[in-house]
Amino acid sequence: MATDFKFIPVIDISPLLAKYDDPKMADDPGVYEVVRQLDQACREAGFFYVKGHGIPDSIIKEVKSVAHKFFELPYEEKLKIKMTAATGFRGYQRIGENITKGVPDMHEAIDCYKEVKEGMYGELGKPMEGRNQWPSNPPNYTELMEEYISLCTGILLQDYSFLLFTLYFMCFLLTTYIFLLLSDLSRKIMRGIALALGGSPDEFEGDRAGDAFWVMRIIGYPGVSTSNGHGPRNDIGCGAHTDYGLLTLVNQDDEITALQVRNLSGEWISAPPIPGTFVCNIGDMLKIYSNGLYDSTLHQVINKAPRYRVCVAYFYETNFDTAVEPLEICKQRTGGAKKFGRAVYGEHLVSKVLTNFG
């Protein structure tokens, strides 16, 4: 359960990453200190920053840069990868299409999910079946890479349609690469959280999250004076909500403070961007696994700056069809009784997606 925290702690996780696959990692003093800090942050705030994560700063910045370029495209062009139910709720959504508790959010986004093949999860996974809306098998790879390099170095391209295609493919390349990096990083952090809960490092492997589902949202928040002429205008970029899964990693624009986290007294505590870090928070499924030792904390986004803000949120989840129940070790730490019933992650995700976008 969250406390009356006044700030979001910063944790250097490099000692954990250095020993994450060591069978005796729990005995290492550096890992012990990281685990202690993770436990305190998850109990008190449900949010924390991580530094020393090993992901190059150039990649962190480039993925935001590409996102800005996409959102600067004309509205009609962005709609070419429009999200619909037929796409498995993947693709672009315009300002006001995302709904939080019945209120349209002031953001636009590209939503990506781990691929769900037809029949992969039966009826449970049917609404999420599909592939992300990025170009596949692009022709003339060498030419494309030359155009990619020229765009990155600031040379203007004459062929607008090819610029659009290149931007899409840049997003595809960077999204794929950043996904691989973040998936690996999330798994390592979850090994630390498993130790913090009193379990083994492998608690969230195998049937729980050995084939972890993932979600990535590339989100753009207009500044206070603009709404691009589309959709309703209000002050809430994204309304108060909790996240669905295990762990979220947020890469937010520098110099614009917009993310807010609610403490036990109802105060909204700002989570300003800290260069070189990710903001992390725990989700609903980890709350259940922990039997309430850790809470999925309410948070919202309000961009009060005049500048357009981008963030890239990566959600590391359980296996899609996993039945989530409190861990035995967590039941023992909380009096022996289950505080939460059984929840299937895929059902939870689908219900949220249909409520938000359906």
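The values are calculated or read from the model by the stated rules, or taken from the named source; none is laboratory data. Because the structure is a prediction, the values reported are computed rather than measured. Cβ sites come from the backbone with ideal geometry, for glycine too, and all protein chains shown count toward neighbours. Keep in mind that these areas ignore ligands, DNA and RNA; they rest on the heavy atoms of the full protein, side chains included. Shrake-Rupley method; radii C 1.70, N 1.55, O 1.52, S 1.80 Å.
Could you compute the net charge surrounding Ala240? Neighbours are other residues with a C-beta less than 10 Å from the C-beta of Ala240; K and R count +1, D and E count -1.
Working: positive: Lys101, Arg262; negative: none.
Around Ala240, the surrounding residues sum to +2.
If Lys24, Lys19 are ordered by their accessible area, calculated over protein heavy atoms with a 1.4 Å probe, which sequence runs from highest to lowest? Walk me through the numbers before you get to the answer.
Values: Lys24 145, Lys19 70 Å².
From most exposed to least exposed: Lys24, Lys19.
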Practice item. Pick out, in residue order, every one of the GluC sites (Glu not before Pro) in segment 251-343 that is DSSP loop and has at most 15 other C-beta atoms within 10 Å; say none if there are none. Key: Glu255, Glu267
Point to revise | Positive-pole candidate from Ala337, Thr318, Thr355, dipole of segment 314-358, charges at beta carbon | key: Ala337
Point to revise | 5 angstrom amide H check on Gly210, placed H, neighbours 5+ away | key: Asn319
Revision key, fill the gap. Surrounding charge for Arg307, neighbours by C-beta under 12 angstrom, Lys/Arg +1, Asp/Glu -1, total -1
Point to revise | With DNA, RNA and ligands ignored, accessible area of Val301 (1.4 Å probe; Å², nearest 10) | key: 10 Å²
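If DNA, RNA and ligands are ignored and the probe is 1.4 Å, what is the ranking of Asp284, Asp211 by accessible area, most exposed first?
Sorted descending by solvent-accessible area, the residues read Asp211, Asp284.
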Revision key, fill the gap. With a 18 Å threshold on alpha-carbon distance, the violating pairs from Lys287/Lys338; Lys24/Lys51; Lys114/Lys352; Lys19/Lys287; Lys24/Lys188; Lys101/Lys352 are Lys24/Lys51; Lys19/Lys287
Check your understanding: With Cβ to Cβ distances under 11 Å as the rule, what net charge do the other residues near Asn319 carry (K, R +1; D, E -1)?
Key -> -3
Practice item. Name the aspartates and glutamates eligible as straight-distance cross-link partners of Lys69: C-alpha to C-alpha under 14 Å, and not fewer than 8 places from it in the same chain. Key: Glu77, Glu108, Asp253
Study note, to complete from the structure: GluC sites (Glu not before Pro) in segment 41-113 lying in a DSSP loop, each with at most 14 other Cβ atoms within 10 Å of its Cβ, come to Glu72
